[in-house]
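Below is one structure; the comments refer to it alone.
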Amino acid sequence: MALRPLSVAHGIQHRSVADQDLLQLLARVASAREAVRQGRGAPSRDDAFRRNCGQLAASLVAYATALEHYRLPVPPDIRDELRLRRRLLS
């Protein structure tokens, strides 16, 4: 049985899909961070602020999970923020 090597184009295409996925998830993290930042300046913190904090935690989880799926390391800053957000929500 002969083995056929994968074409170089296949690897490049796969990588660009991973890059696109990660960039999209990172954009969600940035958007959620901005919503939380804006909510901090509000005179009273309400349910919308808590919802935004939950959204940030969920987007961090999705980003970290995607990194692990693509066998990439989770940056220490992301890992630490995720740990902090989980504790704050519980």
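Applying 1/(1 + (r/R0)^6) with R0 = 25 Å to the Cβ-Cβ distance of D47 and R86 gives a FRET efficiency near 0.80. Net charge within 11 Å of L88 by Cβ-Cβ distance, Lys/Arg positive one each and Asp/Glu negative one each, not counting L88 itself? Here the charged neighbours net out to +4.
For D77, neighbours were defined as the other residues whose beta-carbon sits under 13 Å from its Cβ, and their charges (Lys and Arg +1, Asp and Glu -1) total +2. According to the calculation over all Cα-Cα pairs in region 46-90, the P(r) per 10 Å bin from zero is 28, 50, 18, 3 %.
Just so you know, all these numbers are worked out from the coordinates, no wet-lab data involved. The model shown is predicted, which means the values in this text are computed figures rather than measured ones. Cβ coordinates were reconstructed from backbone atoms using ideal geometry, including for glycine residues, and neighbour counts include every protein chain displayed.
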